[in-house]
Amino acid sequence: MKKILLASAIALFAGLNAQTGFGVKAGYALSTLNSNENSFELDGAGGSLKSKSGFYIGALVEHKINNKFALQAEVEYANLGGKMEVSVPGLPGVKVIEKMNFNRIVIPISARYYATPELAVYGGPYVSFKANNTVKIDVSGALVTNQAALDEGERRLENFFDSSLKSTDFGLFLGADYKVYKGLFVDARYSFGLTNMIKNPVNNEKLKMNFFQLGVGYKFK
């Protein structure tokens, strides 16, 4: 499936004619890591997965089949991932927050339907590839006196994600965009991750990523 997606994107970029236009886009991304253990408790410490804010930036090419239908391929750099909040036993009000940044190259391919000349709804598959994984650990409700320990924790988590998670994942997305003025448009979509991102799951453990994107773009004639 991944090879088919890549081949489709290349073919779409290559088959240019007067009905094909280019564009750029950028905006806000809200991503969530979904596990079959979204919350846990261990030795009095409780933790839960939360959504994380990020961003995306990318380029697109759209090929119009007629006034109603079009195909579109995109390439995006997206700051995705999730956040883990852990309560510290014996220290009420103190939380350790682990921000997991899964920076991805996302390639979505969509079929588009123009309900009006300005409004298009669309959907299709996407494939994403790991650019890099970074972790930022913050502590709320207490003064950090050992920054070196936090730095070491970040390094260990980054190494763990690099070795334990798959470098590619696949999913589906649905969205809509609206042309505001000339080539300027606003865009919103939701993407559903279908791939279990864990390389070697134990006891049927799963980790998938969903993300919402809201942004603006410009299409050149």
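No solvent, one uniform scatterer per C-alpha: report log10 I(q)/I(0) for region 124-189 via the Debye equation at q = 0.21 1/Å, two decimals. Debye curve over Cα of region 124-189, log10 I(q)/I(0) at q = 0.21 Å⁻¹: -0.90. Structural size metrics of region 101-221, computed from C-alpha coordinates, are Rg and Dmax of 19.2, 59 Å. Expressed as a whole percent, the accessible surface of region 46-166 that belongs to carbon and sulfur atoms is 60, based on a 1.4 Å probe. Summarising the label geometry, the points placed 7 Å from Cα in the beta-carbon direction at GLU85 and LEU150 lie 1.7 nm from one another. Candidate cross-link partners of LYS182 among the lysines, defined by an alpha-carbon separation under 23 Å and a same-chain spacing of 8 or more, comprise LYS25, LYS64, LYS68, LYS219, LYS221.
Return the subset of LYS136/LYS206; LYS95/LYS136; LYS95/LYS199 for which the Cα-Cα distance in this structure is over 18 Å, preserving the input order. In this structure, LYS136/LYS206; LYS95/LYS199 lie more than 18 Å apart at Cα.
The values are calculated or read from the model by the stated rules, or taken from the named source; none is laboratory data. Nothing here was measured: the structure is a model prediction, and the numbers come from that model. Counting neighbours? That spans all protein chains shown, and the Cβs are built from the backbone with ideal geometry, glycine included. What goes into the accessible areas is simple: the full protein's heavy atoms, side chains included, and nothing from ligands, DNA or RNA. Shrake-Rupley method; radii C 1.70, N 1.55, O 1.52, S 1.80 Å.
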